[in-house]
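First up is the structure itself, then whatever we jot down about it.
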Amino acid sequence: MANSVPSTDTPSLLARLDGVAAYDLVVVARRQLSPAVLELVCEGDLSGFTAIPGNDLMMAVPLEGSDGTFRRRYTIRRHLTDSNQIVFWIDTTADGPGSRWAKETPIGSTIEAIGPRGKVTLDELADWHLFVGDLSFLSAAYAMAEAIEPPGQALFVFEIDDPKDVVLPTLDDLIGVTFCVVERGGRSFDDATGLQASLDALEFPSDLGHVYIGGELSVVGSLHAALLERGLGKEQINAKPYWRLGVANMAHGEPKKVEVS
Ligand SMILES: Cc1cc2nc3c(=O)[nH]c(=O)nc-3n(C[C@H](O)[C@H](O)[C@H](O)COP(=O)(O)OP(=O)(O)OC[C@H]3O[C@@H](n4cnc5c(N)ncnc54)[C@H](O)[C@@H]3O)c2cc1C
């Protein structure tokens with residue numbers, strides 16, 4: 001049952017998911033932030049729409065041969081309420097319909113978005129916040145980090161292939177920042193050893209912290225287990241798989257879990 005996919009047509013999603021609505025968004029701008037990361041700006045009638053940092057939208061990305069109800073989830077990098085715009089940061093390293101839509105959809109095209117979705121948001125009681133993952137997690141990590149009430153502390157450990165992909169967040173001067181970049185150096189995308197070594201070398205601040213992990217399914221699972229072993233409580237960790245190496249995400253946008261036989 002772990003991998004059964006619920007219906008992804010709009011009426012079924014609206015009936016099944018609490019507190020969401022469907023929005024028709026027009027893609028109004030595309031900007032290449034780095035070799036892998038694209039910024040897409042979408043605009044629409046967002047009256048009644050509210051989201052908190054870390055929330056995402058289920059986008060009905062086009063898929064050849066489908067009825068257009070195939071979903072990919074993208075975190076809201078920014079919600080510009082004055083201009084009714086939503087900004088997404090999309091890692092285009094993937095070779096699937098989501099990545100193709102981000103790279104190729106014409107400016108002026110329309111896409112349906114359902115949301116807000118997502119349970120991983122900033123732990124407002126934490127004294128420090130550590131964000132760990134790959135480029136697909138940049139948008140969520142930065143949206144949450146930029147919501148930290150100053151003074152505060154944000155730590156980032158990100159694995160990248162190309163140093164030019166280090167795109168930085170916009171943080172208040174009163175936020176202490178530690179940024180660790182791990183170069184993948186040819187390791188497989190499901191190899192957690194690079195991020196793990198960086199985490200092992202990182203001294204966590206004192207006081208109460210919260211760790212947010214996002215990225216490839218096995219990497220997320222492995223880092224989560226190691227943090228528990230290091231002594232963090234499970235309530236101090238949010239670990240969210242965004243994709244799985246060699247396996248396309250399912251039609252509702254979640255990665256396929258590993259079947260336990
Ligand atoms: C809650 C949630 C929020 C998300 N937010 C964001 C976001 O803000 N920005 C963002 O970029 N992504 C985000 N993702 C991931 C995104 O939804 C897609 O999984 C991703 O864009 C790949 O989709 P695709 O259709 O291109 O590839 P798929 O059809 O899922 O996969 C095709 C192939 O590409 C590979 N692949 C998938 N992703 C990657 C990758 N990152 N690097 C290398 N290979 C890959 C797969 O292993 C597969 O072999 C989020 C996922 C979830 C669940």
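The values are calculated or read from the model by the stated rules, or taken from the named source; none is laboratory data. Keep in mind it's a predicted model, so treat the numbers as computed, not measured. A quick note on method: Cβ atoms are made from the backbone with ideal geometry, for glycine too, and the neighbour counts reach across all protein chains shown. Areas reflect the complete protein model, heavy atoms only, side chains present, ligands, DNA and RNA absent. Shrake-Rupley method; radii C 1.70, N 1.55, O 1.52, S 1.80 Å.
Key figures for this structure:
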quantity: Number of the condition not met by THR81 [criteria: (1) closer than 28 Å to PRO35 by Cβ; (2) in the same structural domain as LEU38 (by TED's automatic domain parsing)]; calculated: (1)
quantity: Residue match in the stretch 104-114 (condition: out of contact with any strand residue (DSSP E or B) (no Cβ under 7 Å at 6 or more places or on another chain), of a type in the set (Asp, Glu) and under 28 Å from SER7 (Cα atoms)); calculated: yes
quantity: Check on VAL167, touching a helix residue (DSSP H, G or I) at 6+ places or on another chain (Cβ under 8 Å), open to solvent by less than 50 Å² (accessible area, probe 1.4 Å) and not in a helix (DSSP H, G or I); calculated: yes
quantity: Which listed residue, of GLY186, GLY133, is farther than 15 Å from VAL219 by Cβ and modelled with pLDDT of 95 or more; calculated: GLY186
quantity: Criterion violated by TYR23 - all others in (1) farther than 21 Å from SER99 by Cα; (2) more than 14 Å from the ligand (Cβ to nearest atom); (3) assigned by TED's automatic domain parsing to the domain that holds ARG100; (4) out of contact with any helix residue (DSSP H, G or I) (no Cβ under 9 Å at 6 or more places or on another chain) satisfied; calculated: (1)
quantity: The listed residue being part of a strand (DSSP E or B), loosely packed, with under 15 Cβ neighbours inside 10 Å and either away from the ligand (no atom under 16 Å from the Cβ) or of a type in the set (Phe, Trp, Tyr) (or both), out of PHE179, PHE156, PHE131; calculated: PHE179
quantity: Test for LEU195: is it more than 16 Å from the ligand (Cβ to nearest atom), in contact with a helix residue (DSSP H, G or I) (Cβ under 8 Å, 6 or more places away or on another chain) and either open to solvent by 50 Å² or more (accessible area, probe 1.4 Å) or modelled with pLDDT of 95 or more (or both); calculated: no
quantity: Count of residues meeting criterion [in a loop (DSSP other than H, G, I, E, B) and under 21 Å from GLU39 (Cβ atoms)] in the stretch 136-153; calculated: 2
quantity: Matching residues in the stretch 102-118 - criterion: being open to solvent by 10 Å² or more (accessible area, probe 1.4 Å) and within 9 Å of the ligand (Cβ to nearest atom); calculated: ARG117, GLY118
quantity: Number of the condition not met by ARG31 [criteria: (1) surrounded by 12 or more Cβ atoms within 10 Å (Cβ to Cβ); (2) in a strand (DSSP E or B)]; calculated: (1)
quantity: Residue check, SER83 at pLDDT 95 or above and either closer than 30 Å to GLY246 by Cβ or crowded, with 21+ Cβ neighbours inside 10 Å (or both); calculated: no
